[in-house]
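No lab work stands behind these numbers, since they all come straight from the coordinates. Since the model is a prediction, treat every value here as computed from it, not as a measurement. Positions of Cβ are generated from backbone atoms using ideal geometry, with glycine treated the same way; all protein chains shown enter the neighbour counts.
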Amino acid sequence: MSLREAIRYRFDGDALRFICETHQELPSQPPHDRRTLVLFAHFDPHGVVDPYVVYYLQALHALGATILFVSGSPTLARDSVDPIRPLCAGIYTRRTLTLDFGSWHLAWCILHERGWSLEQFDRFVLANDSVYGPLFPLREMWESFSGADMYGAIESRERGHHLQSFFLAWDLNSRTRPFLDDFWRRFQYIDDKWWIIRLYEVGLSKRARRAGLSMKAYASLAAIRASYARSPAHPWAEKLSGRPTNATLFFWDGLIEQLRFPFLKTVLPRHNVPWHDSMAQLRDFIETHTSYPYGLIQSNVDRLACGPPTWRRPPAAPRRSR
């Protein structure tokens, strides 16, 4: 997908033409007894729904969720789709544009095309496959979401104060339903990663504050800072005490060990970005501190041809002679 397609949408407003495959059509009405609506964004370079994604969807489904799954991989291996059919109300693929927000927007358009409404649900969730998890029972985080309008797995001040978008939730009420309707109605496709982050990743929280919505994170900034203070010997201690940074990348171990944070970003074991001394001991850490089946991580890393070579310390850059 290109900038040309993004511009075209501004004129015709037809996101449904981005659909490539329909593996499971959304029914005309949602199930009456599953009152949480989850829009799940997926992408895999091989067109596979990986077992770690199935595990995550099972946990969401167990919360009573109705899940609409949209993949940014235009073609999916059908045998890998089969395990998620009982878990998802609809399964679609699309041409990749505007990253996960593009998948969520297409899901939103599909909902409206099928006649679904937020009035039929009590809670609305955006989630994606950029994390392994849940490392702990998802209900621990889920049941902490009370007393606010908008919730997130983790709070951040990197690039601006926001709830990180890999897991966001709203209690649906007279404030949040109009807010969400307006956000998706005004959505535009963008062909630039940093503008996506600015306008949507960070911008969504900014818009929510302007709309008067109250916000709450499972891992709040206050809790994260207190964890930093308990970790003076952490390899990234100096960085953590400086400018705001992404704790899911630089303090992933402290979040899990001290805050029972239920997610691990996939970029860490796949590519070790940013580089961590401890990544080669990740299996021991996960198996010591969580009940998550580490084989799901290992098989995903092996399939994507990442892993041990990227876990080694990068060679020092050669010094220039004067």
Can you work out the Karplus-derived ³J(HN,Hα) for every residue in region 66-81? Use 6.51 cos²θ - 1.76 cosθ + 1.60 with θ = phi - 60°, whole Hz, and x for glycine or proline. 9, 10, 10, 9, 10, 9, x, 8, x, 10, 10, 5, 5, 5, 7, 7
Indicate the gyration tensor shape class of region 178-271 (rounded, prolate or oblate), computed on the Cα atoms with a ≥ b ≥ c the square roots of the eigenvalues: a/c under 1.5 is rounded; otherwise a/b larger than b/c is prolate and the rest oblate. prolate
Under the rule of at least 5 residues apart or a separate chain, name every residue whose amide H is placed under 5 Å from the amide H of Phe43. Gly72, Asp129
Would you mind listing how long the chain runs along its three principal axes, going by Cα atoms, in whole Å with the largest first? 62, 46, 42
Residue-wise, which Karplus ³J(HN,Hα) couplings in Hz belong to region 88-99, taking 6.51 cos²θ - 1.76 cosθ + 1.60, θ = phi - 60°, and x for glycine or proline? 10, 6, x, 9, 9, 10, 8, 6, 6, 7, 6, 6
Quick one: 3J(HN,Hα) in Hz for region 138-151, Karplus 6.51/-1.76/1.60 with θ = phi - 60°, rounded, Gly and Pro as x. 4, 5, 4, 6, 4, 7, 7, 7, 8, x, 9, 9, 10, 10
Could you give the length gained by full extension between Arg139 and Asp122, i.e. 0.36 nm per residue of separation minus their alpha carbon distance, to one decimal place? 4.5 nm
Which residues in region 121-149 have a backbone N closer than 19 Å to a point placed 7 Å from the Cα of Ser291 along the Cα-to-Cβ line? 132-144
Trypsin sites (Lys or Arg not before Pro) within region 179-251: which are DSSP loop residues with at most 16 other Cβ atoms inside 10 Å? Arg186, Arg230
Below 15 angstrom from the Cβ of Arg312, what's the summed charge of the other residues (Lys, Arg +1; Asp, Glu -1)? +1
Förster radius 25 Å - calculated FRET efficiency between Arg230 and Gln281 (Cβ-Cβ, nearest 0.05): 0.80
Angle between the Cα long axis of helix 51-62 and the longest principal axis of the chain, 0 to 90 degrees, nearest 10? 60 degrees
Between the alpha carbon centres of region 114-137 and region 42-63 the gap in Å comes to 13 Å
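Let me check I've understood the local charge: for Ser278, count other residues with C-beta under 10 angstrom from its C-beta, Lys and Arg +1, Asp and Glu -1. What total comes out?
Value of the local net charge: -3.
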Compute the signed sum of charges (Lys and Arg +1, Asp and Glu -1) over the other residues within less than 13 Å, Cβ to Cβ, of Trp194. -1
Just for region 3-219, what percent of DSSP beta bridges are antiparallel, to the closest 5? 40 percent
Take a quick pass over the chain and tell me how many lysine pairs come in under 23 angstrom between Cα atoms, counting only ones 8 or more apart or on separate chains. 5
In terms of modelled amide H atoms, which long-range or inter-chain residues lie less than 5 Å from the amide H of Leu172? Arg123, Phe124
So the FRET efficiency between Arg159 and Glu257, C-beta based with R0 = 30 Å and rounded to 0.05, is 0.70
Virtual paramagnetic centre 7 Å along Cα→Cβ of Asn173, amide N under 12 Å, in region 130-145: none
